[in-house]
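A.B. asks: Just dropping this structure here.
Read-outs: derived from the displayed coordinates by stated rules, not from any lab. Just so it is clear, the structure is predicted and the values come from calculations on it, not from any experiment. Counting neighbours? That spans all protein chains shown, and the Cβs are built from the backbone with ideal geometry, glycine included.
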């Protein structure tokens with residue numbers, strides 16, 4: 001029997017024309033969204049989307065199923081409302097994170113939690129690393145998943161408790177036919193002559209990259225500035241552009257779209273870390289405990 005999550009994924013893929021963008025909107029991983037669509041195709045015995053390098057297009061059977069999915073979702077919500085106290089048993093957990101980590105690490109953890117509990121829902125706040133920390137300090141979120149830079153220790157910040165932390169390499173993502181694609185590692189000076197895609201100005205990682213470029217006597221003028229990893233990948237595919245990205249924010253279909261990643265090994269760029277932080281003192285919550293366990297598993301799995 002098809003569950004409502006698969007139907008919601010189907011409708012999101014139709015809306016966005018992309019499994020990646022639908023997964024981002026629903027805060028599930030790309031692999032989860034793809035699996036849900038494949039399961040629907042197996043259940044109904046027909047292809048639901050025509051796939052191409054630019055996205056997906058719904059087939060006739062897909063549009064017919066979409067009508068059924070909308071009715072099913074609405075009827076399910078009406079039924080749930082009729083059960084009075086049910087909604088009061090659902091706990092909302094607020095996570096503040098960046099777009100890149102929200103699409104990958106956080107999405108995977110959320111998917112794990114909703115598989116084992118129907119009493120948890122999530123509110124996701126998209127913020128830069130420094131702003132995310134402030135949101136957590138102000139107790140506007142229960143958990144924070146963000147980047148820190150070497151030498152910045154948030155353990156002693158009042159109101160914040162660090163749960164876990166791992167190092168995340170700086171990577172150069174490019175088309176697999178790019179002249180630098182075969183390198184084991186790269187320095188900033190080797191990338192400076194190519195168009196660059198990176199994070200918007202003001203981001204901590206972006207500031208470090210700018211400093212490293214200036215140290216080479218050059219001006220940093222990126223061609224693409226965006227927080228969305230999917231947009232970066234689409235921008236570099238088939239071009240000579242290089243996207244400067246952090247490990248664990250890169251979509252899992254990198255090879256499928258003809259791209260590769262090379263480590264940036266440059267003394268001018270500090271090591272970066274992905275950290276899981278919690279508001280301190282942490283409120284008693286089974287949902288938060290489940291979410292922390294899921295986040296730590298996926299952090300360690302990287």
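A.B. asks: Between the stretch 159-215 and the stretch 41-71, what is the separation of their alpha carbon centroids in Å?
C.D. replies: 38 Å
A.B. asks: With only alpha-carbon atoms counted, please give the Rg and Dmax of the stretch 169-226, in Å.
C.D. replies: 11.4, 31
A.B. asks: Take residue 297 and residue 169, extend 7 Å from each Cα along the Cα→Cβ direction, and tell me the distance between the two endpoints in nm.
C.D. replies: A separation of 2.6 nm, rounded to one decimal place.
A.B. asks: Over 14 Å apart: what share of the alpha carbon pairs of the stretch 225-289 falls there, rounded to a whole percent?
C.D. replies: Within the stretch 225-289, distances greater than 14 Å cover 68 percent of Cα pairs.
A.B. asks: Sorted by mean Cβ packing within 10 Å, highest first, what order do the peptides 62-72, 99-109, 7-17, 119-129 take?
C.D. replies: 99-109, 7-17, 119-129, 62-72
A.B. asks: Ok, one more. Could you work out the Kirkwood radius for the stretch 168-302, taking every pair of different alpha carbons, averaging 1/r and inverting it, reported in Å?
C.D. replies: 16.2 Å
A.B. asks: By how many degrees, 0 to 90 and rounded to 10, does the Cα axis of helix 204-215 deviate from the longest principal axis of the chain?
C.D. replies: 20 degrees
A.B. asks: I would also like to ask the following. Taking 20 °C and 1.002 mPa s as the conditions, I'd like the Stokes-Einstein D for the stretch 4-84 in µm²/s, using the Kirkwood hydrodynamic radius from alpha carbon pairs.
C.D. replies: Using the Kirkwood radius from Cα pairs, D works out to 165 µm²/s.
A.B. asks: Report the relative contact order of the stretch 169-270, percent, no decimals, based on alpha-carbon pairs under 8 angstrom and at least 6 residues apart.
C.D. replies: Relative contact order of the stretch 169-270: 50 percent.
A.B. asks: With angles folded into 0 to 90 degrees, how steeply does helix 107-116 sit against the dominant principal axis of the chain? Use alpha carbons for both and round to 10.
C.D. replies: For 107-116 against the chain, the angle is about 30 degrees.
A.B. asks: While we're on this one: Considering only 210, 41, 284, give the residue with the highest GNM mean-square fluctuation for the chain, with springs between Cα atoms whenever their separation is below 10 Å.
C.D. replies: Looking only at 210, 41, 284, the biggest GNM fluctuation is shown by 284.
A.B. asks: Now for a different question. Using only the alpha carbons of the chain, what is the convex hull's orientation-averaged projected area in square nanometres?
C.D. replies: Reported value for the Cα convex hull: 16.8 nm².
A.B. asks: So what is the calculated 222 nm ellipticity per residue for the chain, using -39500 (n - 2.57) for each DSSP H run with n of 4 or more, over all residues, to the nearest 500 deg cm²/dmol?
C.D. replies: Mean residue ellipticity at 222 nm (helix-derived): -12000 deg cm²/dmol.
A.B. asks: Give the relative contact order (percent, whole number) for the chain; include only Cα pairs under 8 Å separated by 6+ residues.
C.D. replies: 22 percent
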